[in-house]
Amino acid sequence: MAKKSPELTLDEAGRIRTVTEFTREVKELLEGGLRPGWVRGEVSNFRAQASGHLYFSLKDAGAQLSCVLFRGDATRQSVALRDGLQVLAYGEISVYELRGQYQLVVRALIEHGAGRLQQELERLKQQLAAEGLFDAARKPPLPALPRTVGFITSPTGAAVQDFIRILQRRGWTGRLVVLPVKVQGEGAAADMVAALRTAEELGIFDLLVIGRGGGSIEDLWAFNEEPLVRAVAACGVPVISAVGHEIDFTLCDFAAAVRAETPSAAAELISSQYLACRERLDRAGSTLTETAEAAVVRAGERLDHARSRLRLLSPAAAIEQNFLRLDDLGNRLGSALRSAVQVQRTALAGHRARLAAASPEKRVQRDSHQLLALWKRLESASPASVLKRGFAIVRDADGRPIARAKGIKPGQPLVNEFHDGVVRVRTE
């Protein structure tokens, strides 16, 4: 027998809903029907986006719930989220319509059990403070240059590696002894108390550091246990407490001589005095070198001055001065003689020039040149010179030159004289 298809039903408005409309109704029902509240569970699938928003799931044995912690709320939380962390989350339900997925929009986070631990921490803190365990007056000063430092911590943690690396990078030359202990879990506080007593009994340490890397309040709780806090306060060797990150505080921080924000900060604190002393020593060495060099220079200048005075007072210096004076006088005498000879030579040259100017030989030469010039002018004006230039002289039969054509008669015989001969002609 075939199954019947479900009857087509419409909504109250008499129409079929779209996916978007259906999802929006679900969103309104969930967000309007469930009030904000607390949810307890274990963090899983944690991922942080570049935008600063945090996405994760809360799960227990029976179900899981998608959660989002937006950036503005995330910056106000003190809980460092990670997979496996048990938390209490406060928020409201929301539906992401594009995926049809509901999720918890988290507004606040508390580590599960942190409230009880925090109350216990405050109670013990007030009790020990009332006993004067945290008074600054009872805390010993740190040694300026500790030669041997003991670090009470886990030998396998990253904190001890960072501590050693910073000391090496800053060139610290002291001795570091790592006292391996448990820093978390059952028996960790007793382990560290025993290490403090052992370090004090050995008597080789100038300074002790107790600490570990960061973690949750449960991870750091060993440093809040009363036996360890009292042991830190009673230790005869100055103790630096370097537990967790900058925002982490434990009761050991208040009981110790000094609190360092992190183990790395403790290493910088220990080596800072060493670096300052080394810088002062370097400056002192430089100043000493400069002072010695200046003293040597001044002594050399005084020695040169004394040598100069001794040279001036020495007979050899006087003799040398006289030698110089004798040479100078000889040079001046030679110069004067050469100058006198030069003057006489100049005068003699002047006399010779005047005598040469008055000699008749030059006058004869000058007159000869003038006579030659007149002869050349006379020669250029002679008839022969004219004929040589291509002219001709016309003469009558008696040989007289005819200067004008007016007096010539027709049939008159004439003689034309050229440079190279004569031609007889008759006028027409």
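The values are calculated or read from the model by the stated rules, or taken from the named source; none is laboratory data. Everything numeric here is computed off the predicted structure, so don't read it as measured data. Cβ: placed from backbone, ideal geometry, glycine included. Neighbour counts: every protein chain shown. Keep in mind that these areas ignore ligands, DNA and RNA; they rest on the heavy atoms of the full protein, side chains included. Shrake-Rupley method; radii C 1.70, N 1.55, O 1.52, S 1.80 Å.
Quantify, in whole percent, the carbon and sulfur part of the accessible surface of segment 207-345 (1.4 Å probe; protein heavy atoms only). Carbon with sulfur: 59 percent of the solvent-accessible area. Surface composition of segment 386-428: carbon plus sulfur atoms contribute 53% of the solvent-accessible area (1.4 Å probe, protein chains only, all chains present). Here is the size of segment 207-290 from its Cα atoms: Rg then Dmax, 16.8, 59 Å.
For R212, the solvent-accessible surface with a 1.4 Å probe is about 30 Å², rounded to the nearest 10. The packing ranking of peptides 243-256, 357-370, 274-287, 79-92, highest mean first, is 243-256, 79-92, 274-287, 357-370, where packing means the average number of other beta carbon atoms within 10 angstrom of each residue.
Convex hull of alpha carbon positions in segment 63-205: directionally averaged projected area 14.4 nm². The calculated 222 nm mean residue ellipticity attributable to helices in the chain amounts to -16000 deg cm²/dmol, summing -39500 (n - 2.57) over DSSP H runs of n ≥ 4 and dividing by all residues. Measuring between alpha carbons in the structure, the pairs from K139/K182; K27/K59; K376/K406 lying more than 28 angstrom apart are K376/K406. Take the convex hull of the alpha carbons in segment 71-137; its mean projected area over all directions comes to 7.2 nm².
Averaging the sequence gap over all C-alpha pairs within less than 8 Å and six or more residues apart, then dividing by the number of residues, gives the chain a relative contact order of 8 percent. What is segment 248-383 by shape, rounded, prolate or oblate, if you read a ≥ b ≥ c off the alpha carbon gyration tensor as root eigenvalues and call it rounded for a/c under 1.5, prolate for a/b larger than b/c, and oblate otherwise? Cα axes put segment 248-383 in the oblate bin. When only alpha carbons are used to place a centre, segment 162-186 and segment 75-146 end up 27 Å from one another. Plainly put, segment 13-112 has a radius of gyration that is 1.04 times its Kirkwood radius, both from alpha-carbon atoms, as the Rg/Rh ratio. Ordering W221, L281, C252 by the projection of their Cα atoms onto the charge dipole of the chain, which places +1 on the Cβ of Lys and Arg and -1 on the Cβ of Asp and Glu, puts L281 at the extreme positive end.
Residue-normalised convex hull volume from the C-alpha trace of segment 366-416: 92 Å³ per residue. Descending by average beta-carbon neighbour count within 10 Å, the peptides 102-109, 26-33, 41-48 line up as 102-109, 41-48, 26-33, the highest first.
Expressed as a fraction of 2.2 N^0.38 Å, the value expected for a compact globular protein of N residues, the C-alpha radius of gyration of segment 136-295 is 1.15. To put it simply, the accessible area of segment 77-199 at a 1.4 Å probe is 52 percent carbon and sulfur. The smallest convex shape that holds all Cα atoms of the chain, its convex hull, gives 780 Å³ per residue.
May I ask for log10 I(q)/I(0) of segment 303-361 at q = 0.22, 0.27 Å⁻¹, from a Debye sum over the Cα atoms as equal point scatterers with solvent left out? With one equal scatterer per Cα and no solvent, log10 I(q)/I(0) is -0.87, -0.99. Accessible surface calculations at 1.4 Å, restricted to protein heavy atoms, place the chain at 68 Å² per residue.
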